[in-house]
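Note sheet for the following structure.
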Amino acid sequence: MTDKVIKILLVDDDEDDYIMTRDLLSGVEGTHYELQWIKTYDSAVEIIDQKNHDVYLFDYHLGEHTGLELLLQVIKNGCRAPIIMLTGQGDKELDMQAMKTGAADYLVKGHINSPLLERSIRYAIERKRSEEDIYRMAYYDILTNLPNRLLFRDRLKQAIGLAERYNRLGAVMFLDLDNFKRINDTFGHYTGDQLLKSTAERLKNCMRKCDSLSRQNVDDSVDTIARLGGDEFTIILTEIKHIEDSAKVAQRILGSLSEQFVLNDHEIFISASVGIAIYPHDGKDIDSILKNADAAMYHAKAEGKNNYQYYKQSMNASALEKLTMENDLRKALERKEFTLYYQPQIDIAKRKIVGLEALIRWHRTDKTVVLPADFIPLAEETGLIIPISNWVIHTACEQNKAWQAAGFSNIPISVNISNLQFQQKNFVNTIVQVLRDTGLRPGNIILEITESTIMHNADMVFATLYELSCMGLRLTIDDFGTGYSSLSYLKRIPLYSIKIDRSFIKELPDSPDDAAISKAIISMAHSLKLRVVAEGVETEQQLAFLSKQGCDEFQGFLFSRPLPADEIFKLLTGERNGAGLMLSSLHKISEPVQKT
Ligand code: C2E
Ligand code: MG
Ligand code: MG
């Protein structure tokens, strides 16, 4: 037959049959077979999935299963190698059934000899090869080897079905090379074809890099690129998390195509226009999605080529804005665009600054100041929150150390800890390292965590919190009352304080509901021996109410907005010198502080 080793897997629960098959194969001259034998249905499914064999031989009887069931299963799993069925007796009906299901041949065990088996295997392999050739011609583009329009439509149909079932988003990109005709006219069709081939290679490379975005395995992602004809390519991105992920892929493709091609000694530069349609937003069936991606591509051409456009114009602006912000955010740390502001926390009874919360600000190159609410979510989404948070905690600790050196030794610094940061395996080590680097005592740091961080992976969180607390750090729950309502964890965590969320303070003292809630939180916290900090106190009435309820501390515009470090320094110095630090309003508090 050939010099090549033919790898065969026999699935048969009878050892005698294995010995017989082995002996028959060893009797074949001129071909080397490598026979592997397994007994069970389940291990067969697993091994066949690895696609390591050229031919499979299935016994009809496989314990609880039949060879036909196995045949159906592996074909469903995508097995494309030929399968020959073996059985103990001749049965025409079974024979037909096996062939209809997809078997390449059907042999009756007692009637097999070496030449028959060899011939059956050889024919099966040859037939499969020509089937594969026909399949490739029908479904693949000969020039680029990419799936053609037919296969693309089939893949898109599958992708839409999956997106619908699992409630996911996907995108179709329609790409057309700019001025391709000119390349053909200038360099000839042969070079034009080479360019299309090279374009296909670049697209494949881009998609491999985009794997994490589209969360598919590499082979699948290659198959989602298709050539529809001429210089038109399409790409399916399945399972995108955010609409703008597709813009990232488009950008990468445009970037990759803009690099020079060297073909037949010609240096060629090209560009492309890309239209993006998102399903199910821009269409629920193949034709409407394709039509809309095509329309978006024409829009990209009209916009001057070498760009991408979404089908819905609104998406262009928001995707661009988000991408620009993400790009800028990536550079912000090294460009030193972040600063920390600090907001004082006041002990209501002692009327003294007893803490400072570090709050990040982002000064963008266009001189705008971005508040955390506008970039922390993006930082979390992209994972950039980790280096940013490390910078925050390092800077805050260094600053606190500087204030201590200036004589303000008893003012701990509160740092907001994001969920993702807390979940890092080395979170505790990071804190240890910062303490070591800055020489700050652990008691000078208060970590602000939210209820959702606690409820997320609770057991791991409790262990980490205990570790931190044993090290001497203080812990507080930020925005208390806005997260989950399970209060049982309050007993289980070594907390120092809780911070009542601003939303409960805002309508005080007029809103009976908020009054009742804040009163209840204060009383509950005190019964657990926790300090209570009220957030967002803006009016004297709010402060008076909180003071009456025995709230321990407040933070808010009433006393001070978050300020840069040098202004905080002036404030602290003023307080030390007794020079009008306390707002007159604080002195006006007349009600005695009641502790519950
Ligand atoms: P937060 O930790 O609850 O911080 C308090 C927020 O309330 C701050 O907003 C502060 O400026 C604002 N605030 C304080 N007093 C008042 C007041 O009287 N009235 C009003 N209307 N607002 C007041 P900011 O600085 O914009 O921060 C918002 C949130 O962003 C923070 O809420 C915190 O969750 C997050 N954040 C800030 N800095 C960081 C950081 O370094 N890391 C992380 N992970 N999150 C941060
Ligand atoms: Mg906070
Ligand atoms: Mg808060």
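General observations
- Residue match in region 444-466 (condition: more than 26 Å from PHE480 (Cβ to Cβ) and in contact with a helix residue (DSSP H, G or I) (Cβ under 7 Å, 6 or more places away or on another chain)): no
- Among the numbered conditions (1) modelled with pLDDT under 90; (2) open to solvent by 70 Å² or more (accessible area, probe 1.4 Å); (3) under 19 Å from LEU10 (Cα atoms); (4) assigned to a helix (DSSP H, G or I), the only one that ALA98 does not meet is (2).
- Within region 141-175, the residues that satisfy the criterion of being buried (at least 21 other Cβ atoms within 10 Å of the Cβ) and part of a strand (DSSP E or B) are PRO147, GLY170, ALA171, VAL172, MET173, PHE174, LEU175.
- In region 465-487, the residue that is surrounded by the most Cβ atoms within 10 Å (Cβ to Cβ) out of those that are more than 16 Å from ligand 1 (Cβ to nearest atom) and among the polar types (S, T, N, Q) is SER469.
- Selection of region 23-46 for residues being assigned to a loop (DSSP other than H, G, I, E, B), over 18 Å from LEU72 (Cβ atoms) and in contact with a strand residue (DSSP E or B) (Cβ under 9 Å, 6 or more places away or on another chain) yields THR31, LYS39.
- Residue within region 493-504 that is within 16 Å of ligand 3 (Cβ to nearest atom) and of a type in the set (Lys, Arg) present: yes
- Scope region 401-416; condition of a type outside the set (A, V, I, L, M, F, W, C) and either more than 16 Å from ligand 1 (Cβ to nearest atom) or touching a Pro at 6+ places or on another chain (Cβ under 9 Å) (or both); matching residues: LYS401, GLN404, GLY407, SER409, ASN410, ASN416
- The condition (being in the same structural domain as SER273 (by TED's automatic domain parsing), basic (Lys, Arg) and farther than 28 Å from LYS305 by Cα) is satisfied by just one residue among ARG182, ARG153, ARG202, ARG165: ARG165.
- Scan of region 64-79 for residues that are farther than 18 Å from ASP105 by Cβ and either open to solvent by less than 70 Å² (accessible area, probe 1.4 Å) or part of a helix (DSSP H, G or I) (or both), ordered by number: HIS65, GLU69, GLN73, LYS76, ASN77, GLY78
- Pairing each residue of region 537-561 that is open to solvent by 10 Å² or more (accessible area, probe 1.4 Å) with any residue that is within 12 Å of ligand 1 (Cβ to nearest atom) and of a type in the set (Phe, Trp, Tyr), provided the two are 6+ apart or on different chains, yields C-beta distances under 6 Å for GLU538/PHE557.
Conditions (1) surrounded by fewer than 21 Cβ atoms within 10 Å (Cβ to Cβ); (2) assigned by TED's automatic domain parsing to the domain that holds GLN542; (3) in contact with a Phe, Trp or Tyr (Cβ under 9 Å, 6 or more places away or on another chain), marked per residue:
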| site | (1), (2), (3) |
| --- | --- |
| ILE353 | no, yes, yes |
| LEU359 | yes, yes, yes |
| TRP362 | no, yes, yes |
| PRO377 | yes, yes, no |
| GLU381 | yes, yes, no |
| ASN400 | no, yes, yes |
| VAL415 | no, yes, no |
| ASN419 | yes, yes, no |
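- Any hit, region 433-454, residues being touching a residue at least 40 places away in the same chain (Cβ under 8 Å), closer than 30 Å to LYS548 by Cα and part of a loop (DSSP other than H, G, I, E, B): no
- Failed item, numbered, when PHE559 is tested on (1) in a loop (DSSP other than H, G, I, E, B); (2) aromatic (Phe, Trp, Tyr); (3) farther than 14 Å from GLU357 by Cα: (3)
- Some residue of region 333-341 being open to solvent by less than 10 Å² (accessible area, probe 1.4 Å) and either touching a Leu at 6+ places or on another chain (Cβ under 8 Å) or at pLDDT below 95 (or both): no
- Any hit, region 489-499, residues being in the same structural domain as ILE411 (by TED's automatic domain parsing), within 20 Å of LEU340 (Cβ to Cβ), under 35 Å from the mean Cα position of the chain (by Cα) and assigned to a strand (DSSP E or B): yes
- Some residue of region 381-391 being over 21 Å from ARG330 (Cα atoms), among the charged types (D, E, K, R) and either under 30 Å from the mean Cα position of the chain (by Cα) or at pLDDT 95 or above (or both): no
- You will find that of LYS291, LYS301, LYS305, LYS248, the residue that is charged (D, E, K, R) and assigned to a loop (DSSP other than H, G, I, E, B) is LYS305 and no other.
- Conditions (1) modelled with pLDDT under 90; (2) open to solvent by less than 80 Å² (accessible area, probe 1.4 Å): number failed by ILE83: (1)
- Pairing each residue of region 116-128 that is in a helix (DSSP H, G or I) with any residue that is open to solvent by 70 Å² or more (accessible area, probe 1.4 Å), provided the two are 6+ apart or on different chains, yields C-beta distances under 7 Å for ARG122/MET1.
- Any hit, region 18-32, residues being closer than 25 Å to GLU69 by Cβ, open to solvent by less than 20 Å² (accessible area, probe 1.4 Å) and in contact with an Asp or Glu (Cβ under 8 Å, 6 or more places away or on another chain): yes
- Scan of region 417-445 for residues that are among the hydrophobic types (A, V, I, L, M, F, W, C), in contact with a strand residue (DSSP E or B) (Cβ under 9 Å, 6 or more places away or on another chain) and more than 16 Å from ligand 1 (Cβ to nearest atom), ordered by number: LEU435, LEU440
- Looking across PHE504, PHE557, one residue alone is closer than 19 Å to ARG351 by Cβ, hydrophobic (A, V, I, L, M, F, W, C) and within 16 Å of ligand 1 (Cβ to nearest atom). It is PHE557.
The values are calculated or read from the model by the stated rules, or taken from the named source; none is laboratory data. The shown structure was predicted, so the numbers you read here are calculated from the model rather than taken from an experiment. Because the Cβ atoms are built from the backbone with ideal geometry, glycine has one as well, and the counts that use them run over all protein chains shown. Just so you know, the surface numbers come from the protein's heavy atoms only, side chains and all, with ligands and any DNA or RNA stripped out. Shrake-Rupley method; radii C 1.70, N 1.55, O 1.52, S 1.80 Å.
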